[in-house]
Each structure stands twice: as C-alpha cells, then as structure tokens.
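Let me begin by presenting the structure, written as structure tokens, before commenting on it.
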Amino acid sequence: MPENKLLYLGNRIRSARKNCGLTQQELADQTGLAVKTIQDIEKGRKNTTYETLSVIIERLGISANMLFPSKIPVDDEEIQRFIGKFQACTSENRKILLNTLDCLAEQLLAFHNNFSDE
C-alpha cells in the first residue's frame, strides 16, 4: 500500500495521460476541468471528487481499478487498462473491437495448435 494515496492516484493519472499523448492543458480542455485541477491531482495535492475522477477516467479510457492500490498481478492490471479503453468506445466500435479480438484469438489458437503438432 503506498504511503501517500493521493500521490499514488496522481502518478497513475499522470501515467495514463502521458500514455494517451496528452498534455495537462489538453486533458483539462477535453474534460472541462481547470489545468490547475489536473496539476493538483497529479501532484497529490488535491483530494478530488467522484465527478472529477469520472470525467478523467472516461477521457483517458482507463478503468477506475487502475487508479487505486491493489495486489492485482500486472497481467490483470493490463486487462483492466484494456477494459477501461473498451468502455470508452462507442457501442459500434465495441462490436468491431470484440469481433477483431475474437478473430485474433482464433488465429493465435490455431497457430499454437499447428506449432505444437509439429
């Protein structure tokens, strides 16, 4: 468990923001928040509200689980990050994404089966 929970939260948000290729100003503009709010959250100086976290999570396409300390293995954390991005998609894009993943999984399984038969 991190010593400073607000700093941990801020670091996780900063990391997700950077993974999206956004500056603090761009995140602020796209969420309707003040850049000072984003800065304070990322520095662990502000205990933010549910509403603020909600718009940040939605814009960054992350799972709320990613923002809080846990004992989830890294693989599960990566899945949670993917789920967050999936949830940020439109209904139509979710269908495309699921069909693509299903096709990819089938190809990987077939490849694995063919490789192990040799």
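For the chain, what's the relative contact order in percent, using C-alpha pairs closer than 8 Å and at least 6 residues apart?
Values: 99 pairs, mean separation 27.0, N = 118.
Worked out over the chain, it gives 23 percent.
Where does each of Phe68, Phe86 land when they are ranked from fewest to most other beta-carbon atoms within 10 angstrom? It would help to have the intermediate numbers written out before the result.
Working: Phe68 12, Phe86 15.
Lowest to highest Cβ neighbour count: Phe68, Phe86.
Could you state the angle between the C-alpha long axis of helix 5-19 and the longest principal axis of the C-alpha atoms of the chain, as a value from 0 to 90 degrees rounded to the nearest 10? For helix 5-19, the angle is close to 60 degrees.
Computed per residue of the chain from DSSP H runs no shorter than four, each worth -39500 (n - 2.57), the mean residue ellipticity at 222 nm is -23000 deg cm²/dmol.
Under the convention that each Lys and Arg Cβ holds +1 and each Asp and Glu Cβ holds -1, the size of the dipole of segment 5-88 around its Cα centre is about 320 debye.
If you take the square roots of the eigenvalues of the alpha-carbon gyration tensor of the chain and sort them as a ≥ b ≥ c, do you get rounded (a/c under 1.5), prolate (a/b over b/c) or oblate? In terms of gyration-tensor shape, prolate. May I ask for the angle, rounded to the nearest 10°, between helix 74-88 and the longest principal axis of the chain, with both axes built from Cα atoms and the value confined to 0 to 90°? Once rounded, one gets 80 degrees.
Modelled spin-label separation between Asn114 and Glu51, with each label point placed 7 Å from Cα along the Cα-to-Cβ direction: 5.6 nm.
With a 10 Å Cβ neighbour count serving as the proxy for reagent exposure, in which order, fewest first, do Leu108, Leu67 appear? Write out the running numbers ahead of the final one.
On the way: Leu108 10, Leu67 21.
The most exposed by this proxy come first: Leu108, Leu67.
The ranking of Asp40, Asp102 by Cβ neighbour count inside 10 Å, starting from the fewest, reads Asp102, Asp40. Of the trypsin sites (Lys or Arg not before Pro) found in segment 1-64, those in coil by DSSP whose Cβ has at most 16 other Cβ atoms within 10 Å are Lys43, Arg45.
Every read-out reported here was derived from the displayed coordinates using simple, explicitly stated rules and does not represent laboratory data. Everything quoted here is computed from the prediction, not taken from an experiment. Cβ sites come from the backbone with ideal geometry, for glycine too, and all protein chains shown count toward neighbours.
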